[in-house]
């Protein structure tokens, strides 16, 4: 059978499936004390945020990935959600271990609060119930829930090949029940390999064990009052047994069954009914501790192993043994508390060395993996080493760190390092690096707000956002339903923009339009030696623009015209207004940000020529190409050659030490300019003019480019030079200098996804 | 001075000015009886339509051009307004002469009615007053009002050169008063040259004169009860004299002064005050009769002459003579009633032969014209001939026609011919032929509704429309504020469109996207010998699309892919759905039109090859290029070569007589297809699906392309293949077969310019 599967499916197909991870984590202050602050409002209503919410406690973050088809993509999602969450909790940190941080008294543990809705009230009441029944501290134990289902094509193939008698739904249920039983039998190995809760703080529990692997999976963890053993023989029996537990008052509802693995349905709010009618949809594995040594709380290696292990469990034949559940439970507790030693475990009633049995299982896993051609020897080798040397386990490592640095310091050093890493990568979204940075900001902000997102077209940065009743499509972050089509066409056409601004009494530079080079040759005279700008009529990003601030020769104007004509069939020659250029980003009725852009420039070191200095400046990791990083690499092109020529310079010129050499007049970020935030410095008047300019083009999202002599002085001369319909937002989010602005938030607010 | 002007100004500048024409015209039935129907509602509120309204009577159309800077453009406006108006009055006609058609009794003449507003009530009351004071029939006499002011640069130049003592406003007033006085002196010549009201119907007046030129300018026309001679010496005296007339009860208000020329101000509702403070803005010449031999009611030659004549009047020195106004009045009446004869006129108290004096004036006019370099000898020669031979006058010619055919028939033949001409040119707008036909439709519909229009960018077909408080920008007829930007981006991207349609349960053909030719080579196998279509991901107009309805070879698919890649970097290979393709045009919540497009085709004559047959079919005057005519010329390109090859044909093939050869699978009008209207035949269900499809892309204006096997049968198989964000409207306005649909009207309704 394994051979047949290998024939039919590629390695990628077999390594795929449906993966979703939930990761809990306590918020704490920099001294490891449990946070008493509210769940940040930026995440919106807790019940409405599908990625970032709380679990039992107000201070217990729950990070939830959407379902992904590869482990890699799922892991990246989790890392993204962690990065986003950790940067929104102010000076707090996310505690990096399953067992809690420094806890207050039981009665000071804040229960998560919810809104006034019926659902909110229910969620709150449930937490009150748990508090009463199990106590508050146990609720703060955090973990990883790994949700998994097989690639559906694989199950269908097995269904056909195995000539199963019965329908596909029954087959699927049988398969998942087999995996469940096998998982329960072998779960002690997962606890050993992935366990990381070997140390515990005195505010939680005084009793400690030197060889512990996972307090969380021990009796000190979160367990039902009575050991409950559901009937896993078939789905109907399973349902009956759960109903029995509730009837007997062992648990209040099916969701209170804290088993190491849960059967999940399509509709988990009506779990038993949905299991009965639609069958098992996926499995939720609940044994995995937070890995203190991974920012996301679980390492990719461990996730890969979980997947290969699941494939093994699917094919592993079972040996019948009546008391298998009790035995497995006992093995679990033993490994959890004494697992660092080579203890004896029970195997169908017989004692077995933990190491021998583990090696046997891993050999089997390797066999399955190899027969399926999964090519995962590295992963299995890694696990084998841990089996052979307990010092390689997460559990041993965090115990050692705690011994050396103390419980709080050891954990806080990790938490602080993870937060720092998140900050350093704050402009990037793992797995979406191919998207424009502006689009990455929108997705990040969507995750923060719990908005569902679907990439409609990667190359085009086209995203569908939905939450509740609201559906919005967004292309390149600022192409949305907020602007009308004709409003964009007005902005796209510089001559029309000017007429519209003129009609509304907003000052613009005077100019003339040319439709052919011959026309320019004939009409160029009035512009010679005047301060002018030569530009294509319809472009974005300032391509093909040449500026002659001090006037220039006929020849240079014709060269500039020639460059401009490369970008459009109509060009503009326009009065050049003295002053600095500011991008005023209007979103709705407000100015969201103001930026001054300094033209691409280099600062001399007295040795390197311009070409070399540009190469050096371009090495800055914040500079990229195609709007994927906050700044763009500087390009030396005809336009900059022409610009330098005006000062008698060329690319070979060696500037003096500290000499600033500008490489073009045009200061767009897209041509290598630097960005400086002026949002809090600009005079109110210019903001009002920018809003009016956007308004008269009918625009809701508009980059208004203005030349202003002194931006702080409302009486200063100024002119509006351009309206941009697809303004880049990343340059405001991450300016070269000044405050970072959350523009994606403004856009999402206006799109109706406000968290207020 | 004339020499200096010639040095400074070009011929074009001197021939320019500000021109506006009002033309009245009675609506009548096909037997020349005055209409009793209401002013058509398509023109909206009379007082709110600046182009098409009524004068005194409900049946008296008043056509008003906007101000234009050249005679040519002004004349074309007038012709356009005539064409638009005459095609909206059902089976009625516009009476082509100043003196009325067959009139009912005085008490049956319908006074124009207005809406309930204060302004409307005032307009109605004023007409009641006129009816009482002058009778109804006289009010039906129609004419041309020629509104004119000089090129402002010319007046400013004269002001400087003449070293006028006083400010520019006073100078301007003086100049216009001089022109006014001179015009009054020489107006008899205009009445002779342009007069065309030499015959009269018995229902109007029994008394007739054999040598009449213009009953309208005679005592049988519309004159004040008492001859009134305002003081034209300066503007203050003029104002005083008018106030005097009102005070003395000769007239009720300044607008009741029926002088042959009127001084006009910026604000004509507060005429005297505006004249006093802002000066004379322009002159309104009121002597010109309707020219029965010109559709517009006045010929371009006559308009050119009026302009040269005005320049002459500006420079002509005056000889002081006390009774000049009475003399001019007498000359007017004499020429109007006896003008066909060479009568004696009074010139400063002396009798002069009409012909000699006319020749003298025209020689002077020619001198001025030549010294200014106006190059208008043809026009002056034309007028000289009329002076020398009265048989060349409009007056003589309409008199002759009436003698031959009878009064009613002679006029109705002209009226019918004009309406027919208007119908034949119904898709074109004079002076806007360079615009796309769709944009011409929007402007025509705007004129019909009295919406102000301004071309923002000719090349881009970008128009600003405004009426009352509403301002809308429209590009290419259907790019408007009605659609959001992202809605357009959804439609532009075929893959995204499909996802959106699929998400909303609207059937689309299955397909695969390719981003490189190599990917196609690798992935082509599943499509060989299947019914497929190969197309670029993002194009309009169906460029680069190849359809293989019966499947084809790998090689042909690769060729087709290669063609598609010329138009986009991503292409789609898609299931081909059997059936006919329909364009369902959704505007707002309604289907405005449904069209089946037949692919470009030729019908054999048994002799010509395909190449020749295409040439012949392309000679149809309804076929053009670039959407400027209802249909597009057929092009023979790679795509059609490939298509023909599938049937073993090429361009040299000679089809049998009546053999239909299709030249491409794709049936877009833009690639030479034929259009057949199905709006009233399509099953309701498909309309509903089209509306839903547009709705889920968020579109208000959307060309939904559907393949339907039987369009009349709601149970017929179908699929939605494309949503178009800039649907052409002209093909629905003027289909190859079927009913013409006024789509521009639907668009303007939705833009808020409804006439309802």
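Contact order for the stretch A:159-304, expressed relative to its length and based on alpha carbon pairs under 8 Å spaced 6+ residues apart, stands at 27 percent.
Taking only the C-alpha atoms of the stretch B:90-184, the Rg (one decimal) and the largest Cα-Cα distance, Dmax (whole number), read 21.2, 59 Å. For chain B, the longest principal axis of the C-alpha atoms and the axis of helix B:235-247 are separated by about 80°. Derived from the Cα gyration tensor, the three semi-axes of the equivalent ellipsoid of the stretch B:661-756 are 22, 18, 14 Å, largest first.
Per the Debye calculation on the stretch B:221-267 with a single equal scatterer at every Cα and no solvent contribution, log₁₀ I(q)/I(0) for q = 0.14, 0.20 Å⁻¹ amounts to -0.32, -0.65.
Beyond 14 Å, how much of the Cα-Cα pair distribution for the stretch B:37-82 remains, as a whole percent?
For the stretch B:37-82, the fraction of Cα-Cα distances above 14 Å is 51 percent.
Projected label points at residue B:709 and residue A:713, each 7 Å from Cα along the beta carbon direction, are separated by 7.8 nanometres. What the Cα convex hull of the stretch A:33-170 gives, in volume per residue, is 162 Å³.
In square nanometres and to one decimal, what's the mean projected area of the convex hull around the Cα atoms of the protein assembly as shown? Please report the intermediate quantities before stating the final value.
Details: hull surface 282.3 nm².
Mean projected area of the Cα convex hull: 70.6 nm².
The residue B:268 and residue B:391 beta-carbon pair, evaluated with R₀ = 51 Å, returns a calculated FRET efficiency of approximately 0.80.
How far apart, in nanometres, would the label points at residue B:330 and residue B:105 be if each is projected 7 angstrom from Cα along the Cα-to-Cβ direction? Between residue B:330 and residue B:105, the simple spin-label model gives 4.2 nm.
Compute the Kirkwood hydrodynamic radius of the stretch B:1-101, taking the inverse of the mean of 1/r over all pairs of distinct Cα atoms, and give it in Å to one decimal. Across the stretch B:1-101, the inverse of the average 1/r is 15.2 Å. Working note: Cα gyration tensor of the stretch B:342-405, eigenvalues times five, square-rooted, sorted largest first, giving semi-axes of 25, 20, 6 Å.
For residue B:503 and residue A:692, what does the FRET efficiency come to when R0 = 35 Å and r is the distance between their Cβ atoms, rounded to the nearest 0.05? Display every interim value, and only then the final one.
Details: r = 39 Å, r/R0 = 1.10.
Efficiency at R0 = 35 Å is approximately 0.35.
For the stretch B:510-641, what log10 I(q)/I(0) values come out of the Debye formula at q = 0.15, 0.18, 0.22 1/Å, with one point per alpha carbon and no solvent? Rounded to two decimals, the profile gives -0.89, -1.11, -1.27. Against chain A, whose longest principal axis is taken from its Cα atoms, helix A:300-315 shows a tilt of about 50°.
With the biggest extent put first, the Cα atoms of the stretch B:279-428 measure 52, 35, 33 Å across the principal axes. In the stretch B:107-160 the Cα-Cα distances spread across 10 Å bins starting at 0 as 19, 29, 21, 14, 16, 1 percent of all pairs. Compared with the direct C-alpha span, the chain from residue A:470 to residue A:323 gains 47.7 nm at full extension, assuming 0.36 nm per residue.
Distance from the C-alpha centroid of the stretch A:90-122 to that of the stretch B:395-415: 99 Å, rounded to the whole angstrom.
Tell me, what is the percent relative contact order of the stretch B:398-519, built from C-alpha pairs under 8 Å that lie six or more residues apart? RCO, the stretch B:398-519: 11 percent. Shape class of the stretch A:531-609 from the alpha-carbon gyration tensor: oblate, with a/c at 1.5 or above and b/c at least as large as a/b.
Volume per residue for the stretch A:185-311 equals 146 cubic angstrom (convex hull of Cα atoms).
Neighbouring Cβ atoms from other chains, within 10 Å of the Cβ of residues in A:445-457, number 2 on average. With R₀ fixed at 25 Å, the C-beta to C-beta distance from residue A:513 to residue B:278 puts the FRET efficiency at about 0.15. Each copy carries a label point for residue A:231 at 7 Å from Cα along the beta-carbon vector; from one copy to the others these points are 12.0 nm apart, nearest first.
Size descriptors for the stretch A:597-667 (Cα atoms only): Rg and Dmax, in that order, 11.8, 34 Å.
To the nearest ten degrees, helix A:554-565 and the longest principal axis of the Cα atoms of chain A are 30 degrees apart.
As a length-normalised measure over Cα pairs under 8 Å and 6 or more apart, the relative contact order of chain B settles at 12 percent. With its label point defined 7 Å out from Cα along the Cα-to-Cβ axis, residue A:267 lies at 7.1 nm from the matching points of the other copies, in increasing order.
With its label point put 7 Å out from Cα toward Cβ, residue B:454 sits 4.4 nm from the same residue's point in the other copies, in order from shortest. For the stretch B:593-721, compute Rh as the Kirkwood radius over C-alpha pairs and then the Stokes-Einstein diffusion coefficient at 37 °C and 0.692 mPa s; write the answer in µm²/s, rounded to an integer. The calculation lands on 201 µm²/s.
Every Cα-Cα pair in the stretch A:354-480 was counted, and those over 27 Å apart are 56% of them. In the stretch B:436-522, inverting the average of 1/r over every pair of distinct C-alpha atoms gives 16.0 Å as the Kirkwood radius. With all projection directions averaged, the alpha carbon convex hull of the stretch B:241-355 covers 9.8 nm². With N as its number of residues, chain B has a Cα radius of gyration that, divided by 2.2 N^0.38 Å, comes to 1.16.
Overall dimensions of the stretch A:145-221, expressed as equivalent-ellipsoid semi-axes from the Cα gyration tensor (√(5λ), whole Å, largest first), are 40, 10, 10.
For residue A:620 and residue A:554, compute 0.36 nm times the residue count separating them, minus their Cα-Cα distance, and round to one decimal in nm. Don't skip to the end; give the middle numbers.
On the way: separation 66, 0.36 × 66 = 23.76 nm, distance 3.83 nm.
Once the chain is fully extended between residue A:620 and residue A:554, it gains 19.9 nm.
What the Cα convex hull of the stretch B:662-707 gives, in volume per residue, is 106 Å³. Projecting label points 7 angstrom from Cα along Cα→Cβ for residue B:381 and residue A:660 puts them 7.1 nm apart.
May I ask you to list the residues of the stretch B:254-293 whose amide nitrogen lies under 20 Å from a point 7 Å from Cα along the Cα→beta-carbon direction of residue B:167? Answer for this model: B:264-268, B:271-282. Between residue B:37 and residue B:605, full extension at 0.36 nm per residue minus the direct alpha carbon distance yields a gain of 199.5 nm.
Treat the stretch A:448-590 as a sphere of radius equal to its Kirkwood radius over Cα pairs and apply Stokes-Einstein at 4 °C in a medium of 1.567 mPa s; give the translational diffusion coefficient in µm²/s, rounded to a whole number. In µm²/s, the coefficient rounds to 73.
Each reported figure results from applying straightforward, stated rules to the coordinates on display, with no laboratory input. Note that the structure is a prediction, hence the values are computed from the model and not measured. For neighbour counting, all protein chains shown are included, and Cβ atoms are generated from backbone atoms with ideal geometry for every residue, glycine included.
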